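**Student:** Structure incoming, see below.
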Amino acid sequence: MCGIVGIIGASPVAPRLIEGLKRLEYRGYDSAGLATLDGGTIQRRRAKGKIAALEERLREEPIQGTTGIGHTRWATHGMPNEANAHPHANENVAVVHNGIIENFHELREDLLAKGHVFTSDTDTEVVVHLISQEIAEGTNDPIEATRRALGRLEGAFALGILLLDRPDVLIAARQGSPLALGHGDGEMFLGSDALALAPMTQRITYLEDGDWAVLTKEGATIRDLSGQTVSRPEQLSSLSGAMIGKGGHRHFMAKEIFEQPQVIGDTLSAMFNPTARTITLPDLPFDPATVPRITMIACGTASLAGMVGKYWLERHAGIPVDWDLASEFRYREPVMTEGGLAVFISQSGETADTLAALRYCKQQGQYCLGIVNAPESTIAREAHAVLPTLAGPEIGVASTKAFTTQLVVLACLTIALGKARGALDHETEARLSGALTEVPSRAAEVLNHDERIRAIAEETFVPARDVLYLGRGTSYPLALEGALKLKEISYIHAEGYAAGEMKHGPIALIDEHVPVVVIAPSDDLFEKTASNVQEVVARGGKAVVFADDAGVGRLKDLALETIALPAVDPFVAPILYAIPVQLLAYHTAVAKGTDVDQPRNLAKAVTVE
């Protein structure tokens with residue numbers, strides 16, 4: 001959600017700002033812009049739409065300058081147009097901003113009364129005028145004026161600020177929204193995340209809430225809002241500029257789907273001991289054998305991984321599990337069991353609602369465990385312990401490989417807790433662990449169905465206006481995930497249901513125009529799912545069934561289409577069956593001509609509520 005990049009150096013920065021913004025496209029945006037300090041003036045270029053439109057504008061009206069800031073905006077306050085695009089600026093100050101200034105209404109009214117003229121509908125523009133007002137009221141030092149202005153802001157924000165009267169500095173500030181500083185040789189960088197800065201530097205410092213920094217070509221001084229200097233560690237990022245190519249695929253999403261056998265294996269290998277054939281977790285700050293209750297908390301696709309985890313942990317580890325959407329969790333003020341474990345799942349590790357829930361749980365005395373794909377993220381830093389997913393950078397907005405690696409981590413957590421609590425005997429532990437080790441190769445087999453799934457998508461799903469997904473047990477969260485994927489990138493209305501709930505409402509929607517995707521691995525609920533397929537067909541529905549050979553044998557004469565997946569232990573079926581529903585959504589979206597990697601209105605990292 002929005003992206004920031006900034007550079008203070010010795011050479012013209014506009015081309016590198018553009019490259020940095022391109023690396024932030026995955027976050028989702030609807031306008032872009034940049035500003036530089038050049039010859040005693042602030043130069044600014046903005047454009048509605050994609051970065052290509054901004055590049056065209058720069059070809060027509062190039063700008064110079066060795067200090068600059070850039071931004072990709074995802075509209076919150078005000079329509080997506082050039083007037084509302086960042087950077088916002090007047091003759092003295094230019095600002096880029098991620099987040100929401102919650103008290104901007106009262107600040108704006110106060111500034112209007114003092115004669116300031118606003119040219120946008122955004123909350124961000126108040127920052128420009130607030131700094132200018134502080135300067136006008138006699139704060140001779142523009143940096144001190146900026147500090148005073150920052151102290152009046154409420155809400156979540158990451159800011160990059162240019163000051164005309166201090167062309168030797170670039171200001172950064174963080175409250176709630178992530179922000180990283182990059183260290184170079186004779187230059188410094190600013191970015192929403194390390195990925196934006198990867199081609200320029202791997203030496204990264206992450207600002208913490210309340211920090212603001214003054215960057216010069218030689219380095220950075222970080223202070224808190226009282227003005228006291230604080231120290232933040234410099235880290236070496238593992239990201240590189242080569243990690244976000246499409247690898248010969250048409251879209252990032254396709255590349256990331258096909259990377260799953262590899263990243264599932266990488267994630268599993270970090271926790272699986274091949275000699276003992278057991279799962280080994282890192283040291284944890286709690287005793288797994290005595291955890292009385294688990295609360296599973298996440299948003300979107302990550303929450304559906306958590307729902308699968310609930311099924312697994314209750315069945316195989318014997319632990320009661322509450323499953324919550326992070327956006328709802330803390331508002332109901334839940335009563336939490338003393339000594340409980342709260343698990344937070346997030347691809348970015350910066351999801352605002354999930355992070356707020358983590359802080360609530362810490363206040364309630366819970367042990368907090370993060371499952372994240374970004375080991376330097378805020379959730380990773382604030383949780384008591386972290387189980388990383390090793391998916392690598394995920395650029396496509398619709399999560400794919402992050403989801404399946406989250407499932408792998410949750411499966412390993414289930415086995416480890418089940419063993420620690422005595423809920424799993426040695427034989428069952430070995431069976432579940434062995435089933436996990438087969439998943440990478442079985443996932444590669446699933447990808448062999450790519451062309452067949454593409455044909456089904458084009459023939460059956462592209463013409464559809466509504467699609468239903470059905471599943472039972474751990475396949476129910478997959479039905480929800482399949483529907484979410486289709487909605488996200490193809491814009492076809494889709495809903496996922498527990499198959500046993502079909503007669504309680506959704507069956508009214510089924511006719512010959514409605515494809516119904518049925519996820520039916522050979523588990524102890526297969527016969528009940530097969531009955532639901534019969535009910536779908538009896539109403540004229542177009543049943544598309546994902547099952548193994550045995551299941552396909554039972555249903556091929558009923559269903560419109562069947563795809564035979566490898567036979568696996570039901571425990572690991574959710575990891576495997578996630579892949580065909582991803583492919584189905586992907587090929588439907590491609591055939592419909594939508595922007596697969598950057599679907600409308602969506603953002604990769606949702607860092608505000």
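Taken together, the values in this text are just the output of simple stated rules run on the coordinates, not laboratory data. Just so we're clear, the structure is a prediction, and the values are computed from it rather than from any experiment. For neighbour counting, all protein chains shown are included, and Cβ atoms are generated from backbone atoms with ideal geometry for every residue, glycine included.
**Student:** Suppose each label sits 7 Å from its Cα in the direction of the beta carbon; what would the Ala508-Asp287 distance come out to in nanometres?
**Tutor:** Between Ala508 and Asp287, the simple spin-label model gives 5.3 nm.
**Student:** Please give, to one decimal in nm, the separation of the simple spin-label points placed at Asn601 and His384, each 7 Å out from Cα toward the Cβ.
**Tutor:** Once both label points are built, they end up 4.0 nm from each other.
**Student:** I've got another one for you. Residues in segment 154-174, backbone N under 15 Å from the label point at Glu218 (7 Å along the Cα-to-beta-carbon vector): list them, ranges by number please.
**Tutor:** Residues 168-170 qualify, since their backbone N sits under 15 Å from the label point.
**Student:** Can you give the calculated 222 nm mean residue ellipticity of the chain, where each DSSP H run of n ≥ 4 adds -39,500 (n - 2.57) and the sum is split over every residue, rounded to the nearest 500 deg cm²/dmol?
**Tutor:** Result for the chain, helices only: -10500 deg cm²/dmol.
**Student:** Cross-link candidates for Lys503: which aspartates and glutamates have Cα within less than 19 Å, leaving aside residues fewer than 8 places away along the same chain?
**Tutor:** Correct list for Lys503: Asp466, Glu495, Asp511, Glu512, Glu527, Glu535.
**Student:** Loop-only trypsin sites (Lys or Arg not before Pro) in segment 471-562, please: DSSP not H, G, I, E or B, and at most 16 other Cβ atoms within 10 Å.
**Tutor:** Arg539, Lys556
**Student:** Under 1.5 on a/c is rounded, so check that first for segment 111-155, then, if it is not, pick prolate when a/b is larger than b/c and oblate when it is not; a ≥ b ≥ c are the square roots of the alpha carbon gyration tensor eigenvalues.
**Tutor:** Oblate is the answer for segment 111-155, as a/c is 1.5 or above yet b/c matches or exceeds a/b.
**Student:** Starting from the Cα-Cα distance between Arg359 and Lys528, subtract it from 0.36 nm times their residue separation and give me the gain in nm to one decimal. Please report the intermediate quantities before stating the final value.
**Tutor:** Values: separation 169, 0.36 × 169 = 60.84 nm, distance 4.15 nm.
Full extension of this stretch gives 56.7 nm more.
**Student:** Multiplying the sequence separation of Arg152 and Glu459 by 0.36 nm and subtracting their Cα-Cα distance, what value in nm do you get?
**Tutor:** Taking Arg152 through Glu459 to full extension adds about 104.8 nm, to one decimal.
**Student:** If you don't mind, another one. Rounded to the nearest 0.05, what FRET efficiency do Leu558 and Glu451 give with R0 = 22 Å and r taken as the Cβ-Cβ distance? Could you check?
**Tutor:** Computed FRET efficiency for Leu558 and Glu451 comes out at 0.40.
**Student:** Mind giving me the FRET efficiency for Lys246 and Ala52? R0 is 22 Å, r the Cβ-Cβ distance, nearest 0.05 is fine. Could you put the intermediate results ahead of the total?
**Tutor:** Numbers: r = 17 Å, r/R0 = 0.76.
In this case the efficiency is close to 0.85.
**Student:** If neighbour count is taken as other Cβ atoms inside 10 Å, put His513, His86, His384 in order from fewest to most.
**Tutor:** If I rank by nearby Cβ atoms, fewest first, I get His513, His384, His86.
**Student:** Under 16 Å from the Cα of Lys48, which lysines turn up, not counting those fewer than eight places away in the same chain?
**Tutor:** Qualifying lysines at Cα under 16 Å: Lys22.
**Student:** Report the extension gain between Arg315 and Glu501 in nm, rounded to one decimal, defined as 0.36 nm multiplied by the number of residues separating them, less their alpha carbon distance.
**Tutor:** Result for the pair: 64.8 nm of gain on full extension.
**Student:** To continue, here is another question. How do Phe286, Phe526, Phe461 rank when sorted from fewest to most other Cβ atoms within 10 Å of their own Cβ? If you can, show how the numbers build up before the last one.
**Tutor:** Numbers: Phe286 16, Phe526 21, Phe461 25.
By the 10 Å Cβ count, ascending, the order reads Phe286, Phe526, Phe461.
**Student:** Under 5 Å between amide hydrogens, which residues at least 5 positions from Trp323 or on another chain qualify, with H placed 1.01 Å from N in the peptide plane?
**Tutor:** Counting only residues 5 or more places away or on other chains, the set is Met296.
**Student:** Further question: What FRET efficiency, computed as 1/(1 + (r/R0)^6) with R0 = 30 Å and r the Cβ-Cβ distance, is obtained for Asp110 and Gln235, rounded to the nearest 0.05?
**Tutor:** 0.15
**Student:** Going by how many other Cβ atoms sit within 10 Å of their own, how do Ser226, Ser522, Ser237 line up, fewest first?
**Tutor:** Ser226, Ser237, Ser522
**Student:** Cut-off under 12 Å on the C-alpha distance; same-chain residues fewer than 8 positions from Lys50 excluded. Which aspartates and glutamates are left, in chain and number order?
**Tutor:** Glu25, Asp30, Glu82, Asp595
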